[in-house]
Amino acid sequence: MADTNLVPVVLFINNKGGVGKTTITQLFAEYACVKKEQRVLIIGFDGQMNLEEAYIDVVNDPDLGKIPPIHPEWDELTEEEKGDFNARSSITDWLLNKLVMPYPTAFVETEKKKGLIDIIPCSDLGMELMLNRSTGIPLQKHIPESIRGLDRLSTEQICSSLAAFCVLEEVNEDYDVIILDVGPTKGPLFTAALRAATHVITPFNPENKSLTSLTGMLSAFKKAQLERVDEELKAHSIRKDPIHFVGCLANEYKANNNIHKENLIEARKTLGNLVFPEGLELKNQIAILSTTNPIDSRRYKSYWMMPSSNTSVKASEPIFEYIYDKVMGEQTNA
């Protein structure tokens, strides 16, 4: 398949935790599904599995940590088909040469409404194994048969894994956009996500400590970008299409906080158009009314199903429309 036919792969990433990455990732996935009727695939690559918990019944095993549930379609498979899959399907199966079954979520296509969200979860121990493999430190835990072999993968195999999955023809036929969720720790999982992505957004809090992480993120992005444009490096890269930096998105911004205002001014002065345009900042109330909070789940399946007159929705919608246009517009014009 030519790279021009590949669907966009969106990554919200920062090497500093606590900047709202998971919430923003979820909000964008649901914006694309609910507002734009797109077929969305989320791939989990963060062992904390916070995003997975918003969509499927993640199991907290005392020995294995967080693991996916038994796939809802497992019992429908023949015995022969079951040999190709794991009952608790995850993205780590792909690295072990098994097939992967995306999990359906509450967001499904109907006759009246297009758009869906499927998710391929990871597993806590699987991610930990790959991180430890890159450091050379053996993991002092029992390794179940389902993920045995992850500890023998090379760093390069891990770093290339997501890109190889995201260019599969069947994946690009079934979905309109892929969204990756990766943790903040730099390493092979972080690198794998950047190598797979076509569009990168870096959320940050307008606090001093959060601002210092932006320089490191931009350096990591430029390295990933170089692998797509340098002819010698490009020859060894799975993805040949460009990687776009959509921008640094201020989150939990308080307009009445002088430190926030001054830091955002300084960020725009230093980074210029690498920061989202003025007026496109996520305010503090989005964290309260987001879909990860059960406050509205009694009435609305998604944040974006709340009335458009809602103050928070009205303030945040232009931001997600901006991201959507950057991602899907560039795809259309590619």
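Any read-out appearing in this document is the output of simple, stated calculations on the displayed coordinates, not a laboratory observation. This one's a predicted model, so the numbers in the text were calculated from it and none came from an experiment. All Cβ positions, glycine included, derive from the backbone under ideal geometry; neighbour counts span all protein chains shown.
The table that follows gives values for the structure above.
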| item | result |
| --- | --- |
| Least to most buried among F85, F320 (fewest other Cβ within 10 Å first) | F85, F320 |
| Structure-derived P(r) over Cα pairs in 10 Å bins from 0, in percent: which label, when the choices are [x] 5, 25, 35, 25, 8, 1, 0; [y] 5, 20, 23, 19, 16, 11, 5, 2, 0; [z] 6, 27, 38, 25, 5, 0 | [x] |
| Beta bridge orientation in the chain: antiparallel %, DSSP, nearest 5 | 15 |
| In degrees, nearest ten, helix 208-229 long axis to first principal axis of the chain (Cα) | 60 |
| Amide hydrogen neighbours beyond the local backbone of I42, cut-off 5 Å, H modeled | D118, I119, I120, I179 |
| Among L249, P144, I158 - extreme Cα towards positive end, dipole of segment 3-333, charges at beta-carbon | L249 |
| Highest to lowest packing among 217-224, 167-174, 25-32, scored as the average C-beta count within 10 Å | 25-32, 217-224, 167-174 |
| Degrees separating the helix 311-333 axis from the principal Cα axis of the chain, which is the longest one | 60 |
| Rounded to 10°, Cα long-axis angle of helix 258-271 versus longest principal axis of the chain | 70 |
